[in-house]
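One structure is given here, and the rest of the page talks about it.
The values are calculated or read from the model by the stated rules, or taken from the named source; none is laboratory data. Every value quoted in this text rests on a predicted model; they were computed, and no experiment measured them. Positions of Cβ are generated from backbone atoms using ideal geometry, with glycine treated the same way; all protein chains shown enter the neighbour counts.
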Amino acid sequence: MQTPGRHLPCPLPTPRGPVSSFLVEHLTRTPHDLPVWPTAEDDPLTGDDTHLALYLVYELAYRGVEGVDERWEWHPDLIRLRGQLEDRFEAALIDLVGDLPDVDDVTEFLQDLTTDDSDGRSISKFIASDGDLHQFREQAVHRTAWQLKEADPHSWAIPRLGGKPKAALVEIQADEYGDGVDQDVHAELYALTMERLGLSSRPNHYLDLLPGVTLATVNLVSMFGLHRRWLGAVVGHLAVFEMSSVTTMARFATALRRLRFDPWTCLFFDTHVVADAHHQTVAATDLAGGLVEQDPKRLDEVVFGALALCKLEAKLTEHMLGAWDRGESSLRGELDVTGPAPGQDLLHVPADDPRLRARV
Ligand SMILES: [Fe+2]
Ligand SMILES: [Fe+2]
């Protein structure tokens with residue numbers, strides 16, 4: 001059974017500092033000219049106040065925010081405030097990424113970047129081998145800000161592309177959106193996983209629990225997607241996602257099976273293992289390679305988008321695994337899980353269901 005409110009706007013979050021407090025106070029009123037707003041002073045890469053404020057403003061471009069007039073989306077003062085937050089974030093990302101490498105072949109560069117041959121720590125590696133049910137639920141909650149609107153920010157690139165890269169992006173996005181079958185939309189499959197884990201699938205239900213570093217990973221792609229000048233970066237971002245997905249998703253599916261979850265709970269991950277085996281090639285060659293072939297000036301943007309994603313994800317990994325090493329929650333508060341995880345009830349699995357057979 002679906003969680004009520006699956007497609008409702010984002011609930012109004014609890015503010016975390018001067019900028020998010022200012023926004024919550026003003027956005028809940030009829031659109032009006034804003035007085036002087038406070039300047040964000042926390043970490044521009046991971047700060048709670050900065051990234052909640054930016055996330056909240058970006059939600060106005062997705063499904064909106066509960067109790068917030070839709071006209072705020074394009075209010076000039078709000079666009080100026082958003083621009084200031086973005087400028088700080090962008091400057092910090094440029095520092096984080098550092099000098100861009102010389103790249104001759106963008107496809108080869110992306111392949112090298114996403115080949116996981118390091119001994120470095122990763123959330124999916126840890127979860128596959130040692131993660132317990134509570135840690136699996138925690139990482140699933142971290143990913144709700146992205147997975148429950150998976151693909152949407154990349155779609156903003158569609159009208160800005162032409163020819164080969166456009167066709168490639170549309171091919172990938174068609175699968176992400178379920179090829180015309182609503183149950184197969186990847187965000188819906190994630191909602192199913194959340195429900196089988198005994199968690200809410202309502203988008204942004206857990207927003208107050210998500211730390212700034214998690215919100216920053218989603219703000220990154222929203223910022224790239226909303227600005228045409230970052231077209232190459234949104235392509236680089238998507239290429240890295242697709243090219244690192246098969247291994248990562250297979251690890252999460254392994255963890256779920258080790259924890260005795262049924263195939264419905266695994267469906268989101270199993271679907272990605274199959275779909276992204278194809279998407280990774282399309283993204284590396286026709287999408288990223290095709291864009292750079294058409295417009296070589298976009299090469300540095302593709303490289304920047306790919307590296308910014310990897311480096312910001314590394315910060316999230318450090319945050320989550322660090323918290324678990326210390327025996328703490330990686331969320332901003334306790335995850336309130338009531339009742340058992342329905343997906344662990346293996347007795348009720350219709351094993352011959354064609355939707356499962358097609359993928360596993
Ligand atoms: Fe997907
Ligand atoms: Fe994909």
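Residues in segment 231-250 that are surrounded by fewer than 21 Cβ atoms within 10 Å (Cβ to Cβ) and over 16 Å from residue 110 (Cβ atoms): 250 alone. Would you confirm whether any residue within segment 274-290 is buried (at least 24 other Cβ atoms within 10 Å of the Cβ) and within 30 Å of residue 53 (Cα to Cα)? No, every residue in segment 274-290 fails to be buried (at least 24 other Cβ atoms within 10 Å of the Cβ) and within 30 Å of residue 53 (Cα to Cα). One residue is enough: does segment 171-186 have a residue meeting the conditions in contact (Cβ under 8 Å) with a residue 24 or more places away in the chain, assigned to a helix (DSSP H, G or I) and either touching a strand residue (DSSP E or B) at 6+ places or on another chain (Cβ under 9 Å) or small (Gly, Ala, Ser) (or both)? No.
Sub-7 Å Cβ pairs linking a first residue in segment 278-290 that is charged (D, E, K, R) to a second residue that is within 16 Å of ligand 1 (Cβ to nearest atom) and modelled with pLDDT of 95 or more, at least 6 apart or interchain, are 286/168, ordered by first then second residue. Against the criterion of being in a helix (DSSP H, G or I) and surrounded by fewer than 22 Cβ atoms within 10 Å (Cβ to Cβ), residue 141 does not qualify. In this entry, residue 13 is excluded by the filter for residues that are surrounded by 18 or more Cβ atoms within 10 Å (Cβ to Cβ) and either under 30 Å from residue 288 (Cβ atoms) or in the same structural domain as residue 156 (by TED's automatic domain parsing) (or both). Kindly indicate whether any position in segment 106-122 is under 21 Å from residue 228 (Cα atoms), within 16 Å of ligand 2 (Cβ to nearest atom) and aliphatic (A, V, I, L, M). Within segment 106-122, none of the residues are under 21 Å from residue 228 (Cα atoms), within 16 Å of ligand 2 (Cβ to nearest atom) and aliphatic (A, V, I, L, M). Pairing each residue of segment 328-349 that is surrounded by 10 or more Cβ atoms within 10 Å (Cβ to Cβ) and modelled with pLDDT of 90 or more with any residue that is not in a helix (DSSP H, G or I) and not β-branched (Val, Ile, Thr), provided the two are 6+ apart or on different chains, yields C-beta distances under 6 Å for 332/211.
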